Amino acid sequence: MTHLTEQEEAFMQNHFRYLSKATNEESLEIIYGSELLTKQGLQEKLDEIHAFMESQFFLTTASIFSKRYSYYIVTGIIAMMSSFNKCPDFRPENIRLVRMDEDKKWFPKLNFVSKEATVPDPFDRQRWLRENLTELFKEHVRPLFLHINQLSRLSMNVLWENFAIYLFWFYERYAKEHFTEEQLAQVYDDFHFIVHELDGASFGEEKNPFHYFHYQPKLPSGARERKCCCLSYKLNEESGYCKVCPHRC
């Protein structure tokens, strides 16, 4: 067991929506991961977010929430595993989403209560990857997605693709702009492992959901065209289609 260093947290804070220290005086809203463990708790938070965003469509609220949460898991957990060989404590009770502004698009920042993290055995890194990712996807992400699905009827395909777009963004577009060749070798190995070597059981699904979306065509920007619409265009009258929306491409 080790801890995230100040330098690692500074990297996260400078590059992603991460907050190293959260104080009640500065925050406008704090959502604790433990509040999302039950359908009732999640329903209450979705209702609050729905009202804050002035959303006109609850299905869209649910989809946007899942996109935000997926972003935090990718950048706060998975990216740290590939970048620094550390897996932060991702138990729901260790996660806080801290809103610092009144932006109606709702972009809180991720904060870890404890900075503890695990590191791999230097001779068996793949086992560390598999065990942590299986726990992350099967015991953390999927149960949350199931609650969202049951409360909003947003399909599991949309939910998993909401996660996949950030996973692909980090590994296929972001990483090559910010890491050395030596670092990229491990980053790309991890990406291949996540998409092609983890089986469905690691997700609590019949098949690996990311493998399904990995064959979507790439746009000139390098982003992958979505297979399913995330419904963000229905947030309000001023909303439009995402740049990777299948209705737009």
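Residue by residue, here is whether (1) under 17 Å from Ile77 (Cβ atoms); (2) touching a residue at least 60 places away in the same chain (Cβ under 8 Å) holds:
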| position | (1), (2) |
| --- | --- |
| Trp160 | yes, no |
| Phe163 | yes, yes |
| Ala185 | no, no |
| Phe213 | no, no |
Discussion item. For region 77-99, check the following and say yes or no: at least one residue is modelled with pLDDT of 95 or more, exposed (fewer than 15 other Cβ atoms within 10 Å of the Cβ) and touching a Ser or Thr at 6+ places or on another chain (Cβ under 7 Å).
Written reply: yes
Worksheet entry | strands (runs of 3 or more DSSP E) contained entirely in region 77-148, each with at least 2 residues that are under 13 Å from the mean Cα position of the chain (by Cα) | 95-99, 109-112
Discussion item. Can you confirm whether His192 is touching a Gly at 6+ places or on another chain (Cβ under 9 Å) and either of a type in the set (Phe, Trp, Tyr) or in a helix (DSSP H, G or I) (or both)?
Written reply: no
Worksheet entry | Scope region 200-227; condition of a type in the set (A, V, I, L, M, F, W, C) and in contact with a Cys (Cβ under 7 Å, 6 or more places away or on another chain); matching residues | Leu219
Worksheet, complete the sentence: The one condition Phe163 fails out of (1) surrounded by fewer than 19 Cβ atoms within 10 Å (Cβ to Cβ); (2) part of a helix (DSSP H, G or I) is (1)
Worksheet item: List, please: which pairs have Cβ atoms under 7 Å, are six or more places apart or on different chains, and start with a residue in region 4-15 that is outside any helix (DSSP H, G or I) and end with one that is surrounded by 13 or more Cβ atoms within 10 Å (Cβ to Cβ)?
Response: Leu4/Lys86; Leu4/Pro88; Leu4/Lys115; Leu4/Ala117
Worksheet item: Is it the case that Leu136 is crowded, with 19+ Cβ neighbours inside 10 Å and touching a residue at least 60 places away in the same chain (Cβ under 8 Å)?
Response: yes
Worksheet item: Among the residues of region 195-234, which ones are in a helix (DSSP H, G or I) and among the aliphatic types (A, V, I, L, M)?
Response: Val195, Ala201
Discussion item. Quick check on my filter: what residues within region 21-53 are under 27 Å from Ser83 (Cβ atoms) and surrounded by 16 or more Cβ atoms within 10 Å (Cβ to Cβ)?
Written reply: Ala22, Ser27, Ile31, Tyr32, Gly33, Leu36
Practice prompt. Would you point out which residue out of Phe58, Phe16, Phe52 is under 18 Å from the mean Cα position of the chain (by Cα) and either under 20 Å from Tyr166 (Cβ atoms) or among the aromatic types (Phe, Trp, Tyr) (or both)?
Written response: Phe16
Item to complete: Could you run through region 21-60 and say how many residues are at negative phi, touching a residue at least 24 places away in the same chain (Cβ under 8 Å) and not in a helix (DSSP H, G or I)?
Response: 14
Discussion item. Out of the residues in region 100-131 meeting the condition of being aliphatic (A, V, I, L, M) and surrounded by fewer than 19 Cβ atoms within 10 Å (Cβ to Cβ), tell me which one is nearest to Tyr174 (Cα to Cα).
Written reply: Val119
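The values are calculated or read from the model by the stated rules, or taken from the named source; none is laboratory data. Note that the structure is a prediction, hence the values are computed from the model and not measured. Here the Cβ is made from the backbone with ideal geometry for all residues, glycine too, and neighbour counts use every protein chain on show.
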